[in-house]
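Below you'll find the structure, written out as structure tokens, and then a few comments.
Nothing in this text is a laboratory measurement; each read-out follows from the coordinates by a stated rule. On a predicted model such as this, the values are computed, not experimentally measured, just so you know. No Cβ is skipped: glycine too gets one built from the backbone with ideal geometry, and neighbour counts run over all protein chains shown.
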């Protein structure tokens with residue numbers, strides 16, 4: 001992946017990467033909903049046109065149109081007509097929290113662990129291979145992503161993780177790992193990194209980046225993989241604890 005591309009907003013590349021499987025409107029709707037409630041697509045941001053959205057996601061124009069209609073019905077997108085028209089994100093923080101909490105409730109602990117296991121396998125392997133293949137320029141790019149990370153908000157911390165993990169995949173020089181990283185970020189990222197709601201986990205995410213960078217600088221593939229997978233395992237443990245909390249009835253007054 002060229003450096004210019006990797007320094008662009010990698011999280012947007014994740015959102016608008018091609019969908020796997022049948023191009024159903026529900027898949028497009030879920031992809032964009034996750035991106036909006038996770039804060040990757042921000043309030044007021046203009047979405048691609050129906051035709052451009054369909055092209056980038058690899059679906060029919062009518063499928064993209066149906067998904068946008070569903071997002072408008074949810075109140076997540078507003079469409080304006082005219083010269084400066086288009087579809088724009090309307091981000092309601094409270095509604096976003098409720099939607100993500102509903103998704104956590106809907107998935108079993110087994111499903112959550114399996115999703116994180118898959119992601120850890122891909123991200124861990126990418127880090128391991130990157131430690132063998134990284135150049136000085138690659139290390140500078142990773143350090144730059146870390147330096148620019150916004151740890152003051154959950155959305156900023158999640159975006160930093162997405163950019164960093166995608167750059168690690170790019171440094172591995174494996175197109176398949178890059179593709180799978182893109183796919184899994186879109187599928188698992190909005191849920192897996194819900195722990196970024198807490199400052200302690202945002203700080204931990206930075207420590208992980210520094211540990212991975214140091215492992216790559218030291219050409220230590222095992223440490224690079226270990227730091228990456230431990231971060232993901234910690235995130236899923238938080239997520240499972242959160243699921244328990246959400247499912248525990250509130251005490252009677």
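Starting from the Cα gyration tensor of the stretch 97-247, take the square roots of the eigenvalues, sort them a ≥ b ≥ c, and report rounded, prolate or oblate (rounded when a/c is under 1.5, otherwise prolate if a/b is larger than b/c, else oblate). If you can, show how the numbers build up before the last one.
Numbers: a/c = 2.07, a/b = 1.62, b/c = 1.27.
Cα axes put the stretch 97-247 in the prolate bin.
What order, most packed first, do the peptides 205-216, 180-191 have when packing is the mean number of other Cβ atoms within 10 Å of each residue? Present the calculation step by step, with values, prior to reporting the outcome.
On the way: 205-216: 19.2, 180-191: 22.2.
Top to bottom by mean Cβ count within 10 Å: 180-191, 205-216.
Given contacts defined as C-alpha pairs under 8 Å and at least six residues apart, what's the relative contact order of the stretch 10-92, whole-number percent? Don't skip to the end; give the middle numbers.
On the way: 108 pairs, mean separation 28.3, N = 83.
Rounded, it is 34 percent for the stretch 10-92.
Can you give the FRET efficiency to the nearest 0.05 for residue 65 and residue 176, using r as the Cβ-Cβ distance and R₀ = 41 Å?
Numbers: r = 32 Å, r/R0 = 0.77.
So, using R0 = 41 Å, E works out to roughly 0.85.
Once you place label points 7 Å from the Cα toward the Cβ at residue 244 and residue 84, how far apart are they in nm?
With each label point 7 Å from Cα toward Cβ, the separation is 5.2 nm.
For the stretch 140-225, count all C-alpha to C-alpha pairs, find those more than 17 Å apart, and express that count as a whole percent of the total.
Details: 1765 of 3655 pairs.
Beyond 17 Å sits 48 percent of the P(r) for the stretch 140-225.
Mind giving me the FRET efficiency for residue 49 and residue 222? R0 is 45 Å, r the Cβ-Cβ distance, nearest 0.05 is fine. Working shown, then result.
On the way: r = 46 Å, r/R0 = 1.03.
E between residue 49 and residue 222, to the nearest 0.05, is 0.45.
On full extension of the chain, what length is gained from residue 210 through residue 109, given 0.36 nm per residue of separation minus the C-alpha to C-alpha distance?
Values: separation 101, 0.36 × 101 = 36.36 nm, distance 3.00 nm.
The span from residue 210 to residue 109 would gain 33.4 nm if fully extended.
For residue 94 and residue 233 in one chain, what is 0.36 nm times their gap in residues minus the Cα-Cα distance, to one decimal in nm? Spell out each step's value before the answer.
Values: separation 139, 0.36 × 139 = 50.04 nm, distance 2.72 nm.
Contour length minus the Cα-Cα distance gives 47.3 nm.
Rounded to the nearest Å, what's the spacing between the alpha carbon centres of the stretch 200-247 and the stretch 97-126? Just the number, please.
The two parts, judged by their Cα centres, are 14 Å apart.
Give me Rg/Rg_expected for the chain, where Rg uses Cα atoms only and Rg_expected = 2.2 N^0.38 Å with N residues.
Working: Rg = 18.4 Å, N = 253, 2.2 N^0.38 = 18.0 Å.
Its radius of gyration relative to the 2.2 N^0.38 Å reference: 1.02.
Using a 10 angstrom cutoff on alpha carbons, build the Gaussian network for the chain and name the most mobile of 172, 234, 116.
Among 172, 234, 116, the largest mean-square fluctuation in the Gaussian network model of the chain belongs to 234.
Provide the gained length on full extension for the span residue 24 to residue 150, in nm with one decimal, where the gain is 0.36 nm per separating residue minus the Cα-Cα distance. List each step's numbers first, then the result.
Values: separation 126, 0.36 × 126 = 45.36 nm, distance 3.43 nm.
Computed gain between residue 24 and residue 150 is 41.9 nm.
In a GNM of the chain with a 10 Å cut-off on Cα contacts, which of 202, 217, 148 has the highest mean-square fluctuation?
148
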